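One structure is given below, encoded as structure tokens.
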Amino acid sequence: MDNKAKQELKSHSLNLWHKFWIPKGSLWGENESRLDYLNGERFNTLNSYYKKDGRSPDQRSGWGGREGAGRPGKAGKKAGKAGKKAGKKAGKKAGKKAGKKAGKKAGKKAGKKAGKKAGKKAGKKAGKKAGKKAGKKAGKERRESRPLALRGSKDAGASAPPPRHVIPVFLKDNPYITDGYRAYLPSRLCLKSLFILSNETVNIWSHLLGFLLFFTLGIYDLTAVLPSAGASREDFVICSVCLFCFQVCMLCSVGYHLFCCHRSEKTSRRWMALDYAGISIGILGCYVSGVFYAFYCNNYWRQVYLITVLAMILAVFFAQIHPSYLTQQWHRLRSIIFCSVSGYGIIPTIHWVWLNGGVGASIVQEFAPRVVVMYFIAAVAFLFYISKVPERYFPGQLNYLGSSHQVWHILAVVMLYWWHQSMVYIMQYRHSKPCPEYITDL
Ligand SMILES: [Zn+2]
């Protein structure tokens, strides 16, 4: 890449930041995303750089290639070879000359031979070094320019490449969100897009703030709430596990919504798998704390339910390894698995009510409503998630704010917060009132 192109590229990336804030309508059409528009422009600029490398446009815009390995590129290798050759030649020449001069003094023939040999060696070494350096530099340049365009992949020729300004299919799982997509971004720009308005901004920030909430709650619980309630070591462990699970759940979601627009579909899919794994971990956090305190006075059932829940979550993890798990065809099955894992909690709840002497018991009257509220929030959140309401009725109008996934995210934080508060409450209750005799006998 020559200096002019380099400079152009630099100013282009700088301009990108200003362009993000140009008001909608002045630069792009109705349904064209501003980020996508910019990406399109970026690729156009880059295509002119890539005209030199001899690859076809199909190869250049192949979608779904693997992450680039950190090897020097073809151009770099070529430059290295050339450098080696030049160095060898120069060394040979210099050596020959020096040898000639020395030979004049100590015998023309012998000097010529020795000088030739030494010069050859020195020249080879110098040439190799220079060539390597040049090759490395060229490779680096090539790598640096790579994030701005799409790399070729094995299946590039099999399917027609998508037009540059079209949103990738795997990002468009919600047809009612028509604008605000980020697409084909390298990791660095994915991270930077945290501060850019897109249709994922609320999704990202809701769970980033959720993470901060549970992180702060964790510190507050471990330093103030638990010591003042006279908590045991077990309480500390359960509380830490629960809040750690909630934080992991939030961070996985943030990661997915940040990197779903990655230029590599594989990377996007991996983050999606991690998002699902995070949800299972969040559910595990709820179960562990819930079962631990509900069956506080009955060690046998506490162990039975903890083991069952762990086995169930592990099964969900293994299901995720299946290559079809994240496909559109398995969408329904994913929802069924997710619902059964969450719904399973009704069984220990009913058992707990029965063990405590039915709905009339004071502890049941105090805590059963909390479980009901928890399930109610979960059900409402899930209904939003699958029905895609309200954007279904206002397609293209709730792209940035008010879409179903945003409601689902906020309700998820509310739900986990509610569960945490309930757990703190039941923990304090358990430490203020000893276990009744009749439950321990069962
Ligand atoms: Zn999400």
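The values are calculated or read from the model by the stated rules, or taken from the named source; none is laboratory data. Note that the coordinates shown come from a computational prediction; the quantities given were computed from them, not determined experimentally. Here the Cβ is made from the backbone with ideal geometry for all residues, glycine too, and neighbour counts use every protein chain on show.
Points to keep in mind about this one:
- Matching residues, the stretch 285-307, being in contact (Cβ under 8 Å) with a residue 24 or more places away in the chain and more than 18 Å from residue 366 (Cβ to Cβ): 285, 286, 287, 288, 301, 305
- Flag if residue 387 is buried (at least 19 other Cβ atoms within 10 Å of the Cβ) and either closer than 13 Å to residue 174 by Cβ or in contact with a Cys (Cβ under 7 Å, 6 or more places away or on another chain) (or both): no
- Residues in the stretch 239-265 that are within 12 Å of the ligand (Cβ to nearest atom) and outside any helix (DSSP H, G or I): 260 only.
- If only residues of the stretch 311-335 that are exposed (fewer than 12 other Cβ atoms within 10 Å of the Cβ) and at pLDDT 85 or above are counted, the one that is nearest to residue 171 (Cα to Cα) is 332.
- Residue within the stretch 197-211 that is at pLDDT 90 or above, more than 16 Å from the ligand (Cβ to nearest atom), in a loop (DSSP other than H, G, I, E, B) and surrounded by 15 or more Cβ atoms within 10 Å (Cβ to Cβ) present: yes
- Residues that are within 15 Å of residue 412 (Cβ to Cβ) and aromatic (Phe, Trp, Tyr) do not occur anywhere in the stretch 216-239.
- Taking the stretch 376-394 as the range and being more than 24 Å from the chain's Cα centre (by Cα), of a type outside the set (A, V, I, L, M, F, W, C) and either part of a loop (DSSP other than H, G, I, E, B) or modelled with pLDDT of 95 or more (or both) as the test, the residues that pass are 390, 391, 392, 393.
- Test: residue 339 is in the same structural domain as residue 215 (by TED's automatic domain parsing), surrounded by fewer than 17 Cβ atoms within 10 Å (Cβ to Cβ) and assigned to a helix (DSSP H, G or I): yes
- Extreme residue, surrounded by the most Cβ atoms within 10 Å (Cβ to Cβ), among residues of the stretch 395-414 that are without any contact (Cβ under 8 Å) to a residue 60 or more places away in the chain and assigned to a loop (DSSP other than H, G, I, E, B): 397
- The set of residues in the stretch 269-284 being farther than 30 Å from residue 168 by Cα and either without any contact (Cβ under 8 Å) to a residue 40 or more places away in the chain or of a type in the set (D, E, K, R) (or both) consists of 284 alone.
- Of all the numbered requirements in (1) more than 16 Å from the ligand (Cβ to nearest atom); (2) surrounded by 14 or more Cβ atoms within 10 Å (Cβ to Cβ); (3) under 14 Å from residue 177 (Cα atoms), residue 417 misses one, and that requirement is (3).
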